[in-house]
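The values are calculated or read from the model by the stated rules, or taken from the named source; none is laboratory data. None of these values were measured; they are calculated from a predicted model. With ideal geometry, Cβ positions are generated from the backbone for all residues, glycine too; neighbour counts draw on all protein chains shown.
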Amino acid sequence: MNNNCQENPTQPTDNPEYSVVIPVYNEEQVLPLFTSNLISAMDGLRKGYELVFVDDGSTDKTWQILNELSKSNPNIIAYRLSRNFGHQKAIYAGLQHAKGRTVGIIDGDGQDPVEVLVDMFNCIEPNYDVIFGVRKKRKEGPFKRFCYFLFYRFLNRITKIDIPLDSGDFSVMDREVVQFIINVNDPNPFIRGLRSWYGGKQKAYEYERDARQGGESKYSFLQLLDLAINGVTSCSKWPLRFAVYLGGGVSLATLLYSMITVLLKIFFDYPSDNFSIGWTSLIAIIGLVGGMNIFLIGVIGEYLSHVFDATMKHPTFIIKESTVSKNNKLDK
Ligand code: UDP
Ligand code: MG
């Protein structure tokens, strides 16, 4: 433990040593317990800190709870997005508002242990730029675990940047890394990808991921797929290259096949004039090549959508209200 004591070390300050960014979406069931655990753990660091909650358009009592919490503890700041923008954008919003010299990210459902976060804060200075959590054991269902397993291995194979297997957003980063992520200004940020892209001195911290303290996962299968596709297409051009190789390979194979059939017809009159011969293989080939075409157009479309988002110049998120502005209003 770091015993670098200060006078009133946990008092709120404009320049906190540590910020913790916590995205939350409909977490009324877990928020009070999670927050009190987090506060106890952060108090133990005995340095100034802030907890930056981002309510990602919750429809339950999450925002009311955050308001209450921020009134009772000045270290807590909460921002409410105008609608549900998604986990990654909520984190991004938090990073933009975090003021600490070192910034941590933790989910608000109690799955990532607060003791590990504190340990990461203790270990980062002066040795590392980033310390990120790597999940040793997951307590999710077998299907989700299998999907995660496949995704991280696939992503690692196709990207030049080293995105460590089973690493999530749970991490602690130096201000310089946070500033880099903010400056990239990606309309569809993939935080763990950007974090890896930065490079520097990064350290993996293995931990066991707990089950949720309450409530349900907000990621449906389709949303996970969305995250995976965004992760792949924002970190790698490999699918485009794959399309080129596949298209080239299929064209070559088709050329050979047509040459063989023409030669067979000329020299051996095969097949004879019964034109139903070969119909099944024809349909199979048309179906396969047609399907591949649609798939590959979809791949190009995914990249095009990144360009589209960038040209739209919509903000990545919109903050509807915050406990800071509310307090300011009350002050007036
Ligand atoms: N979350 C969010 N916006 C969303 C979905 C989730 O801010 O659209 C938050 C959620 O409240 C939680 C964290 O992101 O604190 C991780 O979400 P979840 O636990 O549902 O994902 P899982 O752990 O199941 O992958
Ligand atoms: Mg979770």
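Kindly evaluate residue 243 against the criterion of being out of contact with any Lys or Arg (no Cβ under 7 Å at 6 or more places or on another chain) and more than 16 Å from ligand 1 (Cβ to nearest atom).
Working: out of contact with any Lys or Arg (no Cβ under 7 Å at 6 or more places or on another chain): yes; more than 16 Å from ligand 1 (Cβ to nearest atom): yes.
So residue 243 passes the test.
Restricting attention to region 148-157, does a residue exist that is among the polar types (S, T, N, Q) and over 25 Å from residue 98 (Cβ atoms)?
Looking through region 148-157, at least one residue is among the polar types (S, T, N, Q) and over 25 Å from residue 98 (Cβ atoms).
Are there any strands (runs of 3 or more DSSP E) wholly within region 111-228 with 1 or more residues that are surrounded by 18 or more Cβ atoms within 10 Å (Cβ to Cβ), within 15 Å of the chain's Cα centre (by Cα) and within 16 Å of ligand 1 (Cβ to nearest atom), and if so which?
130-137, 167-174
Considering only residues that are in a helix (DSSP H, G or I) and more than 16 Å from ligand 2 (Cβ to nearest atom), look in region 31-47 and name the one that is farthest from residue 16 (Cα to Cα).
Initially, region 31-47 is screened for residues in a helix (DSSP H, G or I), giving 31-43.
This time we only want the ones that are more than 16 Å from ligand 2 (Cβ to nearest atom), so: 32, 36, 39-43.
On the way: 32: 23, 36: 19, 39: 15, 40: 17, 41: 16, 42: 12, 43: 13 Å.
Looking at the filtered set, the residue picked out is 32.
Working only within region 52-75, note down all residues that are assigned to a loop (DSSP other than H, G, I, E, B) and either more than 25 Å from residue 102 (Cβ to Cβ) or out of contact with any Asp or Glu (no Cβ under 8 Å at 6 or more places or on another chain) (or both).
Residues satisfying the conditions are 56, 57, 58, 59, 60, 61, 73, 74.
Given (1) closer than 30 Å to residue 24 by Cβ; (2) in contact with a helix residue (DSSP H, G or I) (Cβ under 9 Å, 6 or more places away or on another chain), where does residue 210 come up short, assuming only one miss?
(2)
In region 158-179, what count of residues is obtained for those that are more than 18 Å from residue 127 (Cβ to Cβ), in contact (Cβ under 8 Å) with a residue 40 or more places away in the chain and out of contact with any Lys or Arg (no Cβ under 8 Å at 6 or more places or on another chain)?
The qualifying residues number 5.
Could you look through region 203-254, keep only residues that are among the hydrophobic types (A, V, I, L, M, F, W, C) and within 26 Å of residue 55 (Cα to Cα), and pick out the one that is farthest from ligand 2 (Cβ to nearest atom)?
Here is the first cut: in region 203-254, the ones among the hydrophobic types (A, V, I, L, M, F, W, C) are 204, 211, 221-222, 224-225, 227-229, 232, 235, 238, 240, 242-244, 246, 250, 252-253.
Now restrict to residues that are within 26 Å of residue 55 (Cα to Cα): 211, 221-222, 224-225, 227-229.
Details: 211: 9, 221: 15, 222: 17, 224: 12, 225: 17, 227: 13, 228: 16, 229: 20 Å.
It comes out as 229.
Being in contact with a strand residue (DSSP E or B) (Cβ under 6 Å, 6 or more places away or on another chain) and not hydrophobic (A, V, I, L, M, F, W, C) is the filter; apply it to region 48-64 and report the residue that is nearest to ligand 2 (Cβ to nearest atom). Before the answer, list the steps.
First pass over region 48-64, keeping only residues in contact with a strand residue (DSSP E or B) (Cβ under 6 Å, 6 or more places away or on another chain): 49-57, 62-63.
So of that shortlist, the ones also not hydrophobic (A, V, I, L, M, F, W, C) come out as 49-50, 55-57, 62.
On the way: 49: 23, 50: 22, 55: 16, 56: 13, 57: 17, 62: 15 Å.
Among those that are in contact with a strand residue (DSSP E or B) (Cβ under 6 Å, 6 or more places away or on another chain) and not hydrophobic (A, V, I, L, M, F, W, C), it is 56.
For region 65-95, enumerate the residues that are among the hydrophobic types (A, V, I, L, M, F, W, C) and either at pLDDT below 95 or more than 16 Å from ligand 2 (Cβ to nearest atom) (or both). Even if it seems obvious, please write down each step before you answer.
Pass one, region 65-95, residues among the hydrophobic types (A, V, I, L, M, F, W, C): 65-66, 69, 76-78, 81, 85, 90-91, 93, 95.
Within region 65-95, 65, 66, 69, 76, 77, 78, 81, 85, 93, 95 meet the criteria.
Considering region 259-311 alone, what residues qualify as being part of a helix (DSSP H, G or I), farther than 22 Å from residue 243 by Cα and not hydrophobic (A, V, I, L, M, F, W, C)?
Residues satisfying the conditions are 261, 265, 280, 281, 309, 311.
I need the full set of residues from region 180-198 which are touching a residue at least 40 places away in the same chain (Cβ under 8 Å) and away from ligand 2 (no atom under 16 Å from the Cβ), in order please.
Quick first cut of region 180-198, residues touching a residue at least 40 places away in the same chain (Cβ under 8 Å) only: 181-182, 185-193, 195, 198.
Residues satisfying the conditions are 181, 182, 185, 186, 187, 188, 189, 190, 193, 195, 198.
Yes/no matrix, rows are residues, columns are (1) of a type outside the set (Gly, Ala, Ser); (2) within 35 Å of the chain's Cα centre (by Cα); (3) over 30 Å from residue 58 (Cα atoms):
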site	(1), (2), (3)
249	no, yes, yes
264	yes, no, yes
272	no, no, yes
280	yes, no, yes
290	no, yes, yes
298	no, yes, yes
301	no, yes, yes
315	yes, yes, no
